[in-house]
Structures are given as structure tokens and as C-alpha cells.
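Only one structure is covered here, and it is reproduced in the block below.
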Amino acid sequence: MSKHSVAFKLSVVAFYQKVERSAREVGGHFGVDHATVRKWVASYEAHGAAGLATKFSHYDAAFKLSVLQRMWEDGLSYRQTAALFNIRNRSCLPDWERRYKTGGIDALSPRRRGRHRSMPEPPVPKEPDASRSDDKKSREELLAELSYLRMENAFLKKLEALTREQPAPKKRKS
């Protein structure tokens, strides 16, 4: 949600254009920063009332590159470029420029949003090959499986014996 409504922004722009005062004076009159007044006026002059409406956009790498190329060819400032292309946050332009110079067009592609995973995906455990019949297993494999099953059986018997010996916990009075 925007801090200022479109109607308020339009009134600030209209006041700035009607009264010949500086952006600092108009900003002081409305309680807005002078840089914000200048941004609203430039956006209004380039795109009309639609330039003052809230906009949520994600830009692809080709658009970012075309913005940067236009800025470099015409020698535009970040503020002028943002107003020309109707980009709300002009502070993303230096970031785009820095990323392009270090990583090329691939660095401009949209990044995954959110926090990075702190732990990698757990490896998928290999399931034993149950489809293999006992006839096709070697003698060593059969003996290993037999010893594993005997150990598992003994463990379960011991667990059952321990749970029988343990007395039931006493109930508390409420």
C-alpha cells in the first residue's frame, strides 16, 4: 500500500505546476521530501496520472538491458531514466548497472525471492531391491539378510520385554 494516495500526488503536482515555487518549498508546504516532489512531477510529465498510480512489477533481463542501454546512449541520470520507463524505484538502476558490469546479461535475470535454504535437500535413501528374488541372490547376500532379520527380531523382542517390565505411570491428582 502506498503511503500517499494518487489524489494527494496529483494535488502536489498541480500545485507545483500552478505556483512557481521550488520543489523544496512545495515539499515543505505538503510535508513531503523535495526529491519526492521532483520524482512525482517527472513521472506525471512523462506518463500522466497513470505514472502516479502504484505499480508492482518484475522486470525481465531484456527489459533491464534495454533500460541500461538507453540510459548510457542518451546520457540520462537515474531519475530521468526511471521517469522515462515508469520505474517506481530509481535505486534499482545502479544495482542493475553494477550487476550487468560484473556478470553480463545473465546477472540481470530475476533472482529467486525469499530466504535461502539453510540446509540442502536430504538425500533420498536407496530402497532395498525387494523385486529381486531369493534365487538370484548370492549365498553371502542371503546370509547378510538373515543376520539382519535375526538382529531386528531380537531387538523387537527386547523392546517388548522392557515395556512390559516398566510399571504404568501413576496418575496425578487434579
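Computed from the coordinates by the stated procedures, all read-outs in this text should not be read as laboratory data. Only a predicted model underlies this, so the values are computations on that prediction, with no experimental measurement involved. Please note: Cβ atoms are built from the backbone with ideal geometry, for glycine as well, and neighbour counts cover all protein chains shown.
Brief remarks on what is shown
- Extension gain (nm, one decimal) between Ala62 and Thr36, 0.36 nm per residue minus Cα-Cα: 6.5 nm
- Charge tally in the Cβ shell below 13 Å around Lys158, where Lys, Arg are +1 and Asp, Glu are -1, Lys158 excluded: 0
- For region 1-25 versus region 139-173, the inter-centroid distance based on Cα atoms is 78 Å.
- Length released on extending from Arg21 to Glu160, taking residue separation times 0.36 nm less the Cα-Cα span: 41.2 nm
- Think of each Lys and Arg Cβ as +1 and each Asp and Glu Cβ as -1; about the Cα centre, that makes the dipole of region 2-70 roughly 60 debye.
- Estimated from helical segments only, the mean residue ellipticity of the chain at 222 nm is -17500 deg cm²/dmol, where each DSSP H run of four or more residues counts as -39500 (n - 2.57).
- Relative packing of 143-156, 78-91, which averages over residues the other C-beta atoms within 10 Å, highest first: 78-91, 143-156
- Debye equation applied to the C-alpha atoms of region 6-108, log10 I(q)/I(0) at 0.11, 0.16, 0.20, 0.22 Å⁻¹: -0.39, -0.73, -0.98, -1.10
- Neighbourhood charge, 9 Å Cβ-Cβ cut-off, centred on His34 and excluding it, Lys, Arg +1 and Asp, Glu -1: 0
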